[in-house]
Each structure stands twice: as structure tokens, then as C-alpha cells.
Amino acid sequence: MRIERDFPLQPYNSFGINAKCSVFVEIEDILDYRLLIDKPKIFTPPYYILGGGNNSLFKSDFEGNIIKISNKGLKVLEDSPEFRIIEVGAGEDWNDLVNYCIQNHLYGIENLIDIPGNVGSAPIQNIGAYGAEVSTVIEKVHFFEVKTGKKGSFTNAECQFSYRNSIFKNDYRQQLIISSVIFRLAKNGQLNTSYGDINQTLNKLDRTPTLKDLAHAVSQIRASKLPDPKKIGNAGSFFKNPIVNQEKLNDLLKEHPNIIYYPINNKEFKLAAGWLIDQAGWKGKQIENAAVHSKQALVLINATGEASGEEIMQLANSIIEDIKRKYDVVLEPEVNIV
């Protein structure tokens, strides 16, 4: 376990915001969780539990404790002809896990390749992309309670997964430290090619596509639309796709017949937030050091490398206000604002 004071956070957030925290604690081993209970001041508010830093925006210096989760490890718990169950440390890199699954012909998360972040953050956000969500392959999530240090776990159902959401993001926000995630992955699954761009890419092949082919297609699509956070500071999609009912959708279609939407069930529909922002004229627009990416309107970027968290938030709030005014739809940040 590492403890530092007055610690710079710029290398630990994908926006590249030049902020610092009062105390930085890095958990590098599972035993560190219990040791933290002997240091109760670590969890005296304000504190913030940080994973890979790819979904956090620091508005300014954080006058409190940052607890960085970095414990690693991958263990096979069960292996059968139909599936493999693995337990993965919260600090493992998400993309390393996706590549492990592809190499071992395990189906379920190949559509989620190249999503930056750590494994422990995946269930909190119920990360998803290109027609897939991580909740479909999570069997259990292990955690420690912040206040007591008590170990616990939630089954998939107990995690209360929904679109970009979970019990960790609501009822237990910043109250639990995820230590590991258990995944059940199929060995004879079917490729999820429901996303249009994936189909177009795979149809160019003169053979039946493989897991590796699908992952490569997703990587190509992501690279063509999303900036690399190692080169341009960003956190991927900044906003959630808003969900509306049939009545609201009908009203929108009357004025905007080309609006892009996806049915969730018989009563709810997901609007493409990127389309709304693009049509409102925000794509590529820059205000001071913050901007909307020129290829994907859902992505806000640290355009000059010098943007503050406040500048990113001012841009985000301007977009939220404009979309509300033009479409009577409220956009919500997908990024955690700290």
C-alpha cells in the first residue's frame, strides 16, 4: 500500500486535468483492504474511490483522500466444455481481460474491446458498447465495506444492473470498494453483430467472422470515431443516451423525423445523444480549452491539454442547457464529476 500527500492527479485521470489531492492511497494487494481499516482517517469524508481514472472529471483540486484501486490477478474458478468462470482483480486493465477472453475463445465481452479503464469499474458503470453490456457476463462482485472493512459480495441480480447503472452507482455510491469481479464466459457463444457498423465491416470478409474479427472491427470503428485519451484528454462518451417514453418520442418525431432512437422495450426508447448534440451544432465547437470532438459529438475533450475541470463542465452545462431548450430532453453526464 502506498500513501502520498499533496499528490498530483494529472497522470491518474484520462482528461489530463492538472489537479491534486490532499492524500493519495494506492491499494496494490488484497491484504491492503483490511489494513486500511486500521487507518480510519482514510475514509473520513471527503474521499473518492478511483479505478483507472477514465470516467472521472476533477473540477478542481480534491481536498480529501483519493483511494486508488490497483490490485491485480486472474484466477480460473471453473472450466467446463460450455463455459469458463474466472475471478479478476479490480485493478486489472479492462482491455487486457478482453484480449485474454479473445485468445481463449471465450464469448461475451469482445464488443467491449478498447474501453479504457479497470475491471473494478466495469460493474459500477455497467459499461457497454456496440450492442453489448458487461452485466450479461457478470456472475458476482466481491467488495469491502468502507465503514467496517467487512467482506461481501453481490450476485448479478443484487447488483441491480440497468443502462449505465448499478447499485454501486446509487445506493452504495462510494460506500463499497470492489475487490474482484467474477465472470461467466461462454465457449460456444454467438457473435453480437447487432450494431450496424459492425455488420458492414464483417460483411466485407469472405468467410465466417471469428471473435478476433469482431473485436478487430470494433477497434477500427472506435479508432475512427473516438480520440485516444493518451493523445487527447477525454473520458469517452461524456453523456448517457437519454431514455424517453412513447409519447415523448412521438412528439420528437413530429418535429424531427430523422431523430435516431433505439427501442429498449415496448414503453421506453433510447435517443442517440450524439445525434442531438451534433444536430444542435456542437460537434467540433471549442470554448476556451475545452471542445466537442470533431468526429463524435458525445465526446468532450481537453483540446489544448491545458483545460481545467471547470472549463470541461462549463462546456457540458452549455450543451445540456441547449439540448433542453431545443428538444426538451435532459442530458445526464455518464462521467463521474468529482
Is it true that Leu253 is of a type in the set (A, V, I, L, M, F, W, C) and either closer than 21 Å to Asn165 by Cβ or not assigned by TED's automatic domain parsing to the domain that holds Lys324 (or both)?
no
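Among the strands (runs of 3 or more DSSP E) lying completely within region 1-50, list those that include at least 3 residues that are free of Cβ contacts under 8 Å to residues at least 24 places away in the same chain and touching a Lys or Arg at 6+ places or on another chain (Cβ under 7 Å).
Those strands (runs of 3 or more DSSP E) do not exist here; none qualify.
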Looking at Lys169, is it over 22 Å from Ile221 (Cα atoms), in contact (Cβ under 8 Å) with a residue 24 or more places away in the chain and in contact with a Ser or Thr (Cβ under 7 Å, 6 or more places away or on another chain)?
no
Those residues of region 30-76 which are modelled with pLDDT of 90 or more, farther than 20 Å from Pro116 by Cβ and among the charged types (D, E, K, R), in sequence order
Lys59, Asp61, Glu63, Lys75
Quick check on my filter: what residues within region 92-105 are part of a loop (DSSP other than H, G, I, E, B) and surrounded by 17 or more Cβ atoms within 10 Å (Cβ to Cβ)?
Glu92
In region 106-117, anything within 9 Å of the chain's Cα centre (by Cα) and part of a strand (DSSP E or B) is listed as none
Report whether or not Glu78 is more than 21 Å from Phe144 (Cα to Cα), in a strand (DSSP E or B) and in contact with a strand residue (DSSP E or B) (Cβ under 7 Å, 6 or more places away or on another chain).
yes
Could you name every one of the strands (runs of 3 or more DSSP E) located completely within region 243-338 that has at least 3 residues being surrounded by 17 or more Cβ atoms within 10 Å (Cβ to Cβ) and modelled with pLDDT of 95 or more?
290-292, 299-302
Output yes when any residue across region 149-166 is touching a helix residue (DSSP H, G or I) at 6+ places or on another chain (Cβ under 7 Å), under 25 Å from Asp96 (Cα atoms) and modelled with pLDDT under 90, and no when none is.
yes
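From the list Val181, Val146, exactly one residue is among the aliphatic types (A, V, I, L, M), touching an Asp or Glu at 6+ places or on another chain (Cβ under 8 Å) and in the same structural domain as Val119 (by TED's automatic domain parsing). Which is it? Spell out the reasoning first.
On the way: Val146 fails: touching an Asp or Glu at 6+ places or on another chain (Cβ under 8 Å).
Of the residues listed, the single one that is among the aliphatic types (A, V, I, L, M), touching an Asp or Glu at 6+ places or on another chain (Cβ under 8 Å) and in the same structural domain as Val119 (by TED's automatic domain parsing) is Val181.
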Can you pull out every residue in region 58-79 that is surrounded by 19 or more Cβ atoms within 10 Å (Cβ to Cβ) and either hydroxyl-bearing (Ser, Thr, Tyr) or over 27 Å from Ile182 (Cβ atoms) (or both)?
Phe58, Phe62, Asn65, Ser70
Looking at region 88-115, I want the residues that are in the same structural domain as Glu133 (by TED's automatic domain parsing) and have a partner that is part of a helix (DSSP H, G or I) and of a type in the set (Lys, Arg) with Cβ atoms under 9 Å, at least 6 apart or on another chain. Which pairs are those?
Ile102/Lys212; Gln103/Lys212; Glu110/Lys212; Ile113/Arg222; Asp114/Arg222; Ile115/Arg222
Of the residues in region 120-139, those that are part of a helix (DSSP H, G or I), touching a strand residue (DSSP E or B) at 6+ places or on another chain (Cβ under 6 Å) and within 21 Å of Leu214 (Cα to Cα) come to none
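Look through Leu214, Leu205, Leu176 and report the one residue that is crowded, with 16+ Cβ neighbours inside 10 Å, over 15 Å from Ile113 (Cα atoms) and not assigned by TED's automatic domain parsing to the domain that holds Ile301. Give the steps one after another, and end with the answer.
Values: Leu214 fails: over 15 Å from Ile113 (Cα atoms); Leu205 fails: crowded, with 16+ Cβ neighbours inside 10 Å.
None of the others qualify; the one that does is Leu176.
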Can you name the residue in region 80-91 that is touching a Leu at 6+ places or on another chain (Cβ under 7 Å) and surrounded by fewer than 21 Cβ atoms within 10 Å (Cβ to Cβ) and, of all such residues, is nearest to Ser70 (Cα to Cα)?
Glu87
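The values are calculated or read from the model by the stated rules, or taken from the named source; none is laboratory data. This structure is a prediction, so every number in the text was calculated from the model and none was measured. Cβ: placed from backbone, ideal geometry, glycine included. Neighbour counts: every protein chain shown.
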